1. Of all residues in the stretch 21-53, how many are within 16 Å of the ligand (Cβ to nearest atom), assigned to a helix (DSSP H, G or I) and open to solvent by 30 Å² or more (accessible area, probe 1.4 Å)?
2. Here is a list of conditions, (1) within 16 Å of the ligand (Cβ to nearest atom); (2) part of a helix (DSSP H, G or I); (3) open to solvent by less than 10 Å² (accessible area, probe 1.4 Å), and Phe78 meets all of them except one; can you say which number that is?
3. From the list Gln124, Gln80, which one is out of contact with any His (no Cβ under 8 Å at 6 or more places or on another chain), in contact (Cβ under 8 Å) with a residue 12 or more places away in the chain and at positive phi?
4. Looking at (1) within 26 Å of Gly154 (Cβ to Cβ); (2) acidic (Asp, Glu); (3) modelled with pLDDT of 95 or more, which one does Glu35 not meet, given that it meets all the others?
5. Return the total of residues in the stretch 244-262 being open to solvent by 60 Å² or more (accessible area, probe 1.4 Å) and in contact (Cβ under 8 Å) with a residue 12 or more places away in the chain.
6. Anything in the stretch 187-224 that is open to solvent by 10 Å² or more (accessible area, probe 1.4 Å), near the ligand (Cβ under 10 Å from one of its atoms) and part of a strand (DSSP E or B)? List them, or say none.
7. Only one of (1) modelled with pLDDT of 80 or more; (2) in a helix (DSSP H, G or I) fails for Gln406. Which number is that?
8. Consider Ala125 carefully, then state whether it is in a helix (DSSP H, G or I), away from the ligand (no atom under 16 Å from the Cβ), more than 24 Å from Asn193 (Cα to Cα) and of a type outside the set (Ser, Thr, Tyr).
Amino acid sequence: MSGAELDPRLLTRAREVVAAITGFRDDAISGEALERVVRAEFSRGRSAGDLLGELLHPSSTLAFTLVRAVLVGETYFFRQPEHFRFISQEGVPAALRRGSLSLRGWSAGCATGEEAYSLAACLQASLPHGFPVEVLGTDLHEASLEVARRATYGSWSRRESAPKLFPLYVENGERQVTILPVVRRVTTFAQGNLLAPLPERFGRFDFILCRNVLTYFTPAARDAAITLLSRTLNPGGLLFLGAVEVDRVPPGMVREGPPELQAFRLLGPGESAKPSPRPRVAVGARAPVAAPVARPAAPAPVRVVQAVPPAPSRVHLSALERIEEGDEVGATAVLEALVRQSPDYLPGLLELALLRERSGAREAAVPLMRALRSRAERLPPDQLVDGPEALPARFYQASADAYLNQGTLE
Ligand SMILES: C[S@@+](CC[C@H](N)C(=O)[O-])C[C@H]1O[C@@H](n2cnc3c(N)ncnc32)[C@H](O)[C@@H]1O
């Protein structure tokens with residue numbers, strides 16, 4: 001069977017399952033890698049029908065074997081050194097000015113861990129001796145994390161293009177290096193999918209590196225992942241993305257440094273940016289309409305459009321305002337009422353599910369995510385769903401899929 005044509009339905013289903021779990025664009029999923037896995041299953045005596053049956057369950061062993069086969073784990077120490085220089089010279093001093101008493105970093109999509117250890121070394125070298133530092137590295141690929149935990153690397157992890165900026169490792173002979181104990185002690189690793197919220201127990205971060213990961217994602221999955229990342233930042237915290245991964249400033253953030261740095265800072269309470277992070281709509285009016293480009297600079301009268309936004313979005317916005325004010329209990333009550341009244345309003349289902357998850361009530365989040373998935377599946381994937389931000393239905397489906405599948409990944 002190994003040289004024979006494969007059933008196209010099987011490969012199509014394999015692609016769909018991999019895309020739903022990873023958020024990858026179709027052209028980022030290697031057909032060759034999928035075929036290799038399928039042929040290996042055939043060589044163990046399994047039939048196409050058997051494999052198709054298993055792939056009806058996106059959380060099956062086969063689904064994760066396929067996912068592992070398409071992941072790309074290329075990484076090295078101090079990759080994109082400008083990020084580490086910025087953290088050391090600008091980010092850490094700013095955090096200290098804000099009064100931070102400890103600093104936490106997250107390497108999101110860390111592969112074999114070089115990025116997480118580089119971040120830990122950078123923070124330690126930029127802070128007074130003994131200042132509390134913690135760094136978390138997460139990835140979908142468990143085998144990569146095992147390499148990370150071993151903390152021993154070969155020459156492939158060191159590149160000319162990325163100098164050793166801070167003390168990080170010692171040579172241990174045989175052209176290998178071992179991460180310094182002081183760096184290793186503050187760095188931990190856990191499996192996680194960037195399309196699912198990071199469990200609350202991991203806390204919040206001052207610096208997040210998510211580089212060379214989102215480049216494989218569909219636009220909707222990338223936006224979903226960035227939203228989740230930004231929710232785990234402390235106010236004033238910095239998110240660093242890889243080059244060409246986003247072409248606009250993520251909601252709720254402002255750009256830091258030159259555009260090519262791809263560094264974004266989460267706004268603090270009461271801080272505003274233009275455009276505003278969330279469409280803050282005064283009750284009874286939409287946001288002012290932008291003036292045509294050719295208009296003279298004379299102050300244009302603010303046009304107040306009488307039409308009100310659809311009721312669910314308004315209620316949702318009031319819940320978001322409560323969340324921003326720290327009133328999560330009030331926000332939960334508002335969202336529960338909203339979900340009862342408008343069970344087809346997808347952003348409300350997602351918001352309430354995430355709120356439940358953050359408060360540790362996973363048993364309440366799961367049915368909401370299931371309802372979200374079944375409703376999102378009924379819509380054309382590219383249909384924009386009205387809400388505080390108009391997002392395509394595929395965003396909601398991908399978010400629910402990733403959340404519901406994550407139990408099998410932990
Ligand atoms: C090219 S490596 C980048 C490593 C490191 N961030 C860097 O820039 O050097 C991409 C990593 O992202 C991980 N990854 C891909 N999709 C993911 C997802 N949905 N959730 C978590 N990790 C993911 C892959 O397993 C891989 O290890």
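The values are calculated or read from the model by the stated rules, or taken from the named source; none is laboratory data. Fair warning: this is a prediction, and the values are worked out from it, not measured in the lab. Don't worry about glycine lacking a Cβ; one is built from the backbone with ideal geometry, like all the others, and counts go over all protein chains shown. The area values use the complete protein model at the heavy-atom level, side chains included, leaving out ligands, DNA and RNA. Shrake-Rupley method; radii C 1.70, N 1.55, O 1.52, S 1.80 Å.
1. 2
2. (2)
3. Gln80
4. The one condition Glu35 does not meet is (1).
5. So the count comes out to 2.
6. Residues satisfying the conditions are Gln191, Phe217.
7. (1)
8. yes
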